[in-house]
Structure formats: structure tokens, C-alpha cells
1. Note the full-extension length gain between Asp264 and Glu239 as 0.36 nm times their separation in residues minus their Cα-Cα distance, in nm to one decimal.
2. Could you tell me which of rounded, prolate or oblate describes segment 127-191, using a ≥ b ≥ c as the square roots of the eigenvalues of the alpha-carbon gyration tensor, with rounded for a/c under 1.5 and, failing that, prolate when a/b is larger than b/c and oblate otherwise?
3. Residue by residue through segment 103-111, what is 3J(HN,Hα) from phi via Karplus (6.51 cos²θ - 1.76 cosθ + 1.60, θ = phi - 60°)? Round to whole Hz and write x for glycine and proline.
4. Among Glu54, Glu23, Glu82, determine the one that fluctuates most according to a GNM of the chain built with springs between C-alpha atoms less than 10 Å apart.
5. Taking θ = phi - 60°, what integer Hz values does the Karplus form 6.51 cos²θ - 1.76 cosθ + 1.60 yield along segment 223-233, in sequence order, with x for Gly and Pro?
6. In the chain, what percentage of the DSSP-assigned beta bridges are antiparallel, given to the nearest 5?
7. Please compute the alpha carbon radius of gyration of the chain, then divide it by the globular-protein estimate 2.2 N^0.38 Å. Two decimals is fine.
8. Enumerate the calculated ³J(HN,Hα) couplings along segment 252-258 in order (Karplus 6.51 cos²θ - 1.76 cosθ + 1.60, θ = phi - 60°), each rounded to whole Hz, writing x wherever the residue is Gly or Pro.
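Each value in this text was obtained by applying a stated rule to the coordinates, not by laboratory testing. These numbers were taken from a predicted model, which means no experiment stands behind them. Quick reminder, even Gly has a Cβ in these numbers, built from the backbone with ideal geometry, and neighbours come from all protein chains shown.
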Amino acid sequence: RAKESGRGVYRFFKREMDDTIRERRNLARDLRQGIADNELIVHYQPLARAADGEVCGFEALVRWKHPTRGMIPPLDFIPVAEENGLIEALGDWVLRRACADAAAWEKPLRIAVNLSPIQLHNPALPTLVHEVLITTGLSPSRLELEITESALFKDYQRALDNLRRLKALGVRIAMDDFGTGFSSLSTLQSFPFDKIKIDKSFVENIHRHDRATAIVRAVLGLGRSLEIPVVAEGVETEEQILFLRGEDCAELQGYAIGRPAPVDALTMWTTAGDPGAIAPKSKTRRSA
Ligand code: C2E
Ligand code: MG
Ligand code: MG
Ligand code: MG
């Protein structure tokens, strides 16, 4: 009897597992089609200089407008793309779209693009980036590539080699989600990153947990010593802005500055001319 119910439980889990596998397979099939059918879109989130609130760049964040499921966030489909050989096509598309959009802005603001570890390990990446810069006419100094420290894990030498070749193009390299991995410090020691982005899991606890506050302060000190500008991610409150500005954080990113938005919604920031007339010079701008 126990054996029988055991089998029942097994059958139940087996069915659930099959459903999950089928679901992933369907999503991969839809994604392949979706990339071809132009269902991907890029939203842009502003980054502001902490000292005066001036918007100095944007991060490109991909979204998928699925025909029946609606808008799907990247954390739900980037892993699917990585597991099904679709991340190169997806990453190539996002890079091209973001560089083309940024090249059309009147102000020469920076554009940050996220790279998957798989892209970083492809020896063809620097050539691809070079080609995209030439095709879109974007100045290399305006492009910033964001990588997480886990991206360096697999084949350290090859990844570092690619990063060096990218830097030689004049592109900037940012370390994303700093502090959430296992080897943040040794990664910083091995490679001259142009920027450190403190993960929002620390920023959201400023003044809420003494430890988080101390860690943010320490990362800002580390950035100062290494002469690497530090960006705070996930800034949501006035209180966090005041603290970060007081601690000499270089740039702020988060809902308190602006939410990710379609490219058409950025003109108040990207249009040249009298800044006072186009966008109020407030220190904490909120996007629509
Ligand atoms: P990330 O690079 O750390 O991007 C920041 C994420 O935090 C974004 O989520 C953004 O919408 C969210 N965020 C920004 N400000 C705030 C805030 O004040 N509060 C809160 N709670 N969240 C905030 P999103 O767009 O869902 O992206 C999630 C992750 O997906 C990104 O994390 C990045 O790792 C990945 N991703 C996004 N686009 C791409 C892409 O084109 N290629 C690759 N490989 N990965 C991407
Ligand atoms: Mg990022
Ligand atoms: Mg980040
Ligand atoms: Mg993050």
C-alpha cells in the first residue's frame, strides 16, 4: 500500500516536471519566433550624477512583448535564451538597438548595455562591438558594457582577454550587481573596471540595517581608493539620495531618478538646448 501511494506521488511529480520542461520548451520556441518577429523592445532607465541630479546616461533593459502572455521581464526569459542558444542573437539585437537609439540623441549621453556571460566568452564579441559602433556611428566612449562578476567564472583568461580587447576599442566596462557574487574583490583586483554598480539589495537597506549601511559606505570608500566611480542601483527614496550624495557616490540609478521607459519618453533628457526650458533642474527628477 505504501509502495502504491509512493508510485502515485512519483507520478504526480513526474507529471509536474514534464509540465515544467514542456513549458520551458514552449517559451524557447516562442522566443526564437519572437526575436524574428520583432517582439523584443528596449526600455531605458536614466542614471543621474549624484552631485547635481543631472542625467548623464541610460541603461538599456530588454523586455519581451509576448503575443498572448503580455510583457515578460528579462529575468524570466534571459535564462531561457541562454539555455537554448538564443542569447547571442538576442544580445546582438539589444546592442544594435541601444547604440542606434543613443546615436540619435542630441546630447552625447552614455548608454549602458548588459552582457550575458555567454556573450563575454565568445571570442568574436570585440569584433561584433566594433562593427556595431561603426554601423551606428556611436562614439566608443559613450558605450558602457555591464557584466556581473559571475560572468568571469567559467574561463577566466578568455573573459579577461575579451574585456581587454573591448577596452582597447575605447568602450567602458562596468561591474554590475557588485557585492552579490563570491569573488567581487579578486575580480576588482584582476581587471581595471571603469565603474562599480552597488547592488540594490544593499542600497534598499540604507538606514534600515546598520550592516547594509556600513557595506555601502565601505564600497564607496573602496571606489575612492581605487579611483573607480561607484553607482548606486535601486535608489528609491530621498533619504537614500541624501546619504549617497553625502558619501560622495558618483551616480544614482533607481525609481527615485526614473523608471525604465520606452525611447520616445526620454526626450526631456536627450534633447539639447537650454536645459532649464526643457527639463527642470531639480535634484531628484521623477520620470513619467
Ligand atoms: P540589472 O542590470 O541589475 O538591472 C537593474 C534592474 O533593477 C532592472 O530590472 C531595473 O528595472 C530594476 N530597478 C531599477 N531601479 C529600481 C528600483 O529603484 N527599485 C527596484 N525594485 N528595481 C529597480 P529588469 O529590467 O527587470 O532587469 C533585470 C535584470 O535582467 C538586469 O539586472 C540584467 O541583469 C538583466 N537584463 C536586462 N536586460 C538585459 C539584456 O539586454 N541582456 C542581458 N544579458 N541581461 C539583461
Ligand atoms: Mg545592469
Ligand atoms: Mg545592475
Ligand atoms: Mg542588480
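1. Working: separation 25, 0.36 × 25 = 9.00 nm, distance 3.01 nm.
Full extension of this stretch gives 6.0 nm more.
2. Working: a/c = 2.62, a/b = 1.95, b/c = 1.35.
Judged from the Cα gyration tensor, segment 127-191 comes out prolate (a/c at least 1.5, a/b above b/c).
3. Working through the residues one at a time gives 5, 8, 6, 5, 8, x, 6, 7, 10 Hz.
4. Sorting by GNM fluctuation, first place goes to Glu23.
5. My calculation for segment 223-233 gives x, 4, 5, 7, 6, 10, x, 10, 10, 9, 9 Hz in order.
6. Working: 16 of 37 bridges.
Just about 45 percent of them are antiparallel.
7. Details: Rg = 21.0 Å, N = 288, 2.2 N^0.38 = 18.9 Å.
Scaled against compact globular proteins, the figure is 1.11.
8. Residue by residue, segment 252-258 yields 10, 9, x, 4, 5, 8, x Hz.
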